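**Student:** Provided herewith is a single structure, encoded as structure tokens, for subsequent inquiry.
The values are calculated or read from the model by the stated rules, or taken from the named source; none is laboratory data. Since the model is a prediction, treat every value here as computed from it, not as a measurement. Glycine gets a Cβ as well: all are built from the backbone with ideal geometry, and neighbour counts include every protein chain shown.
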């Protein structure tokens with residue numbers, strides 16, 4: 001395989017220039033180095049376009065106003081920060097169960113959602129909850145009792161713990177994104 005400098009030498013007119021002249025070779029090598037650097041940097045710029053790569057993480061956080069106000073002062077791993085960027089980037093609207101389940105999944109959580117419905121005459125049975133009043137606006141996020149975020153090669157920085165336990169980022173993001181008139185309840189473990 002030929003180097004960039006060799007390829008540049010091939011572009012010289014064959015009679016007008018001596019491709020092995022010392023000064024010309026130095027100029028060609030400098031140009032080749034600049035082109036190689038530009039190519040390497042373009043790969044990094046391309047990776048920065050995608051938030052899930054972790055490249056340009058601080059810029060993504062600045063643009064998306066992260067960390068969320070309810071997480072200021074909390075220590076987060078690089079992986080959790082990447083998940084926060086991806087979930088906030090994807091979380092531009094939606095009020096369906098599927099939307100909130102996908103939002104939680106982008107944060108690294110597996111959840112289900114329970115919606116409370118009011119008891120209706122003719123449909124309700126003995127022992128069913130009545131769910132009147134504010135229960136008409138409540139919904140519960142069902143998550144595992146313990147959510148562990150483990151370190152992953154390539155998404156873990158120096159000083160990050162090997163595992164983190166907790167659900168604060170889930171509660172923070174879903175509470176911010178829920179419809180204003182609704183009441184979200186978080187349930188962990190068995191229903």
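**Student:** What is the residue count in the range 70-80 for residues that are surrounded by fewer than 18 Cβ atoms within 10 Å (Cβ to Cβ) and either out of contact with any helix residue (DSSP H, G or I) (no Cβ under 9 Å at 6 or more places or on another chain) or without any contact (Cβ under 8 Å) to a residue 60 or more places away in the chain (or both)?
**Tutor:** So the answer is 3.
**Student:** Can I ask one more? What are the residues in the range 84-123 that are closer than 20 Å to residue 187 by Cβ and free of Cβ contacts under 8 Å to residues at least 12 places away in the same chain, if any?
**Tutor:** Hits for the range 84-123 are 96, 98, 99, 105.
Conditions tested, residue by residue: (1) part of a helix (DSSP H, G or I); (2) over 16 Å from residue 83 (Cβ atoms).
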| position | (1), (2) |
| --- | --- |
| 28 | yes, yes |
| 34 | yes, yes |
| 37 | yes, yes |
| 40 | yes, yes |
| 43 | yes, yes |
| 46 | yes, yes |
| 55 | no, no |
| 61 | yes, no |
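**Student:** Take the range 76-103 and flag every residue that is modelled with pLDDT of 90 or more and in contact with a strand residue (DSSP E or B) (Cβ under 8 Å, 6 or more places away or on another chain).
**Tutor:** 97, 100, 101, listed by residue number.
**Student:** Let me ask you something else. Looking at (1) assigned by TED's automatic domain parsing to the domain that holds residue 108; (2) over 21 Å from residue 152 (Cβ atoms); (3) not in a loop (DSSP other than H, G, I, E, B), which is the only condition residue 65 fails?
**Tutor:** (3)
**Student:** Does the range 90-113 contain at least one residue that is farther than 30 Å from residue 57 by Cα and in contact with a helix residue (DSSP H, G or I) (Cβ under 7 Å, 6 or more places away or on another chain)?
**Tutor:** yes
**Student:** Would you point out which residue out of 98, 84, 106, 121 is outside any loop (DSSP other than H, G, I, E, B), exposed (fewer than 14 other Cβ atoms within 10 Å of the Cβ) and at negative phi?
**Tutor:** 98
**Student:** Name the residue that is surrounded by the most Cβ atoms within 10 Å (Cβ to Cβ), counting only residues in the range 1-52 that are in contact (Cβ under 8 Å) with a residue 12 or more places away in the chain and closer than 30 Å to residue 77 by Cα.
**Tutor:** Applying the filter and picking the extreme gives 51.
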